[in-house]
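The values are calculated or read from the model by the stated rules, or taken from the named source; none is laboratory data. Remember, predicted model here, so these are calculated numbers, not experimental data. Virtual Cβ from ideal backbone geometry, glycine too; neighbours counted across all protein chains shown.
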Amino acid sequence: MSSYNLLYSHSSSQNFHSGSLSPSSDSHNTPFKILQLNCHNSFDVTTNALNSESRFSILVLQEPWINPHTLKLPHYASWSCILDSNHSPSSYSDKHRTCFFLDKSFSSEDIHLVKDGNRILSTIDLTINNNRVKKIRLINLYNPPRSFEGIKCLTDWLDQHNDRCIPSFIFMDSNLHHRSWNPPNYNHSHQQSKDLIRTCGRHGFKIVSEKGKPTFMNRRTSSTVIDLVWGNFSCFQFIDSCCTSSNNFGSDHQAIVLNLNFNPHPIPVTRLSVDLNSDVDKFVDELTISFQNSIDRQKKTVNSNSSKFKAWWDKVILSPIIQNRNRARKWMLVARSVQASDCYQFWQKTFKEKVFELKRNHWRKFLAESKDHQIFKAYKFTKPVSSGNIAPLLNENNELTSDKGEQARLLFKGTSEVPINCDLEDVIPPIFSTPFSFPDISVPEIDNIISNLPKKKLAVMTILLTKFLFGVKRSSYLFLSNFFQRVSVWGIFLNNGDMQSQSLFVKRIKILMLILALIGQ
């Protein structure tokens, strides 16, 4: 399988892109169009993109259609197909996931495949016959979902081959979500996306594609942005636009179109519209005042408030340690070596140990010099309240106790138990001018009230009646006995009750009658 050609240059009279202009063209201000698209391993999508009426010079494809028998790209007469020669697939599952298609205006001498590529990452250098730029670099990356192995491949490749002087672009299907490019109201973020941002930012790349505009639309999931284009500082001057296209050529990914212009309009140099002879003094005064105001603002210092300072802080001891720690941190960020990291960890550990020692010494000094009420007040503020426990209390023997029962007794005794020197026999009852009188209660009224009670409250009612019986005089037990006898016979409490509730209530009535008999004895 490794004997197939990686650069196809078949010629044919048929050319769907005869109008495409390469960057070596002498025509000024002509946009140079690059298309990025994930073809989703579809033959129709790949063919539609290649035979599109849009005038593209380069197609950067992820997951193109690969012939499962030959493990090669299909032949297109009007395109040169480029696969990475560093990877020779042995099976269909090991096929290339990235490729480039360039129109026939590019010669083979203009295309240079950069080494150390693999099945998910490939890079080409494209020679440009232009006074402003000699060549551009195109990096094509497919980051497989779940494993996200493409991030490590990109990091390793950039560490070895990145050149900030060459205008470079990274075209990728990242399969990652991050708030920096997510659509509005889509909050999911992958941890690996932070590694991608860190890698690209450290090598001078910045996102040039549209942020927030979905590039992957699926019925089963929300619309997201996973297809990205990054560019370094050297390429920004040649970018006309980079937008997400509404045409997806039948794929579930939207295409991204990058327009480059290597011969932009010259920036017009306008003359100054002011009279320097008369206004130069005014400009000098304004500039001087502006500088002076900036200097005055920078000289202002915050008013120090000694009451807000931490009493344990000793700047004589800590300031040199902080300076060494900060220098070690800068060294670690710049060098990124094991020695620099160990140096920073040493000074960070020294700083923490010294802070702990100063806090401990300050606390011991406070305990030695403070009185009891000051120590208790400090204890209340320093004790963690998240546990919800009660602080130890002092009992009658002047001993601290943490027993819950004893603490409850002490708290109740100190709050709810109040000694009062009062005898109820000494209280003279009030004398009313007119005696109290209550209206008679009829049996239908009792029947109406009890029949409206919920069934669950019947048991509670019988318990209350039992307590009432033990509180009345013995002389009234005969009347109450006859009353409950009639209740059990007539069933006036349960006019609308079911049979189970009636039997339960009659049983309780018999118990009450037995209690009455005991009271009568």
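Worth pointing out:
- In segment 218-242, of all residues being free of Cβ contacts under 8 Å to residues at least 40 places away in the same chain and surrounded by 14 or more Cβ atoms within 10 Å (Cβ to Cβ), the one that is nearest to M172 (Cα to Cα) corresponds to C242.
- Tallying residues that are assigned to a loop (DSSP other than H, G, I, E, B) and within 12 Å of L50 (Cα to Cα) within segment 74-84 yields 5.
- The single condition from (1) surrounded by fewer than 17 Cβ atoms within 10 Å (Cβ to Cβ); (2) among the basic types (K, R); (3) more than 30 Å from K213 (Cα to Cα) that K95 fails is (1).
- Residues (surrounded by fewer than 18 Cβ atoms within 10 Å (Cβ to Cβ), touching a residue at least 12 places away in the same chain (Cβ under 8 Å) and more than 11 Å from I166 (Cβ to Cβ)) located in segment 112-138: H112, L113, K115, D116, N118, T127, N129, N130, R132
- Residue, farthest from the chain's Cα centre (by Cα), within segment 53-96, restricted to residues that are closer than 24 Å to C153 by Cβ and among the charged types (D, E, K, R): K72
- Residue in segment 348-366 that is under 26 Å from R202 (Cβ atoms) and either at pLDDT 90 or above or surrounded by 11 or more Cβ atoms within 10 Å (Cβ to Cβ) (or both) present: yes
- Residues of segment 87-109 include at least one that is of a type in the set (D, E), within 25 Å of L258 (Cβ to Cβ) and not in a loop (DSSP other than H, G, I, E, B).
Yes or no, residue by residue, for (1) closer than 26 Å to C242 by Cα; (2) in the same structural domain as N118 (by TED's automatic domain parsing); (3) not hydroxyl-bearing (S, T, Y):
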{"site": "W65", "(1), (2), (3)": "yes, yes, yes"}
{"site": "H69", "(1), (2), (3)": "no, yes, yes"}
{"site": "S80", "(1), (2), (3)": "yes, yes, no"}
{"site": "S85", "(1), (2), (3)": "no, yes, no"}
{"site": "S88", "(1), (2), (3)": "no, yes, no"}
{"site": "L102", "(1), (2), (3)": "yes, yes, yes"}
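- Selection over segment 205-229 of residues that are within 21 Å of the chain's Cα centre (by Cα), assigned to a loop (DSSP other than H, G, I, E, B) and at pLDDT 85 or above gives a count of 7.
- Residue, surrounded by the fewest Cβ atoms within 10 Å (Cβ to Cβ), within segment 52-80, restricted to residues that are of a type in the set (V, I, T) and under 19 Å from Y92 (Cβ atoms): T70
- Enumeration of residues in segment 80-110 that are in contact (Cβ under 8 Å) with a residue 60 or more places away in the chain, out of contact with any Ser or Thr (no Cβ under 7 Å at 6 or more places or on another chain) and under 15 Å from S57 (Cβ atoms): C81, I82
- Complete set of residues in segment 49-71 that are modelled with pLDDT of 85 or more and part of a loop (DSSP other than H, G, I, E, B): F56, S57, E63, P64, W65, I66, N67, P68, H69, T70, L71
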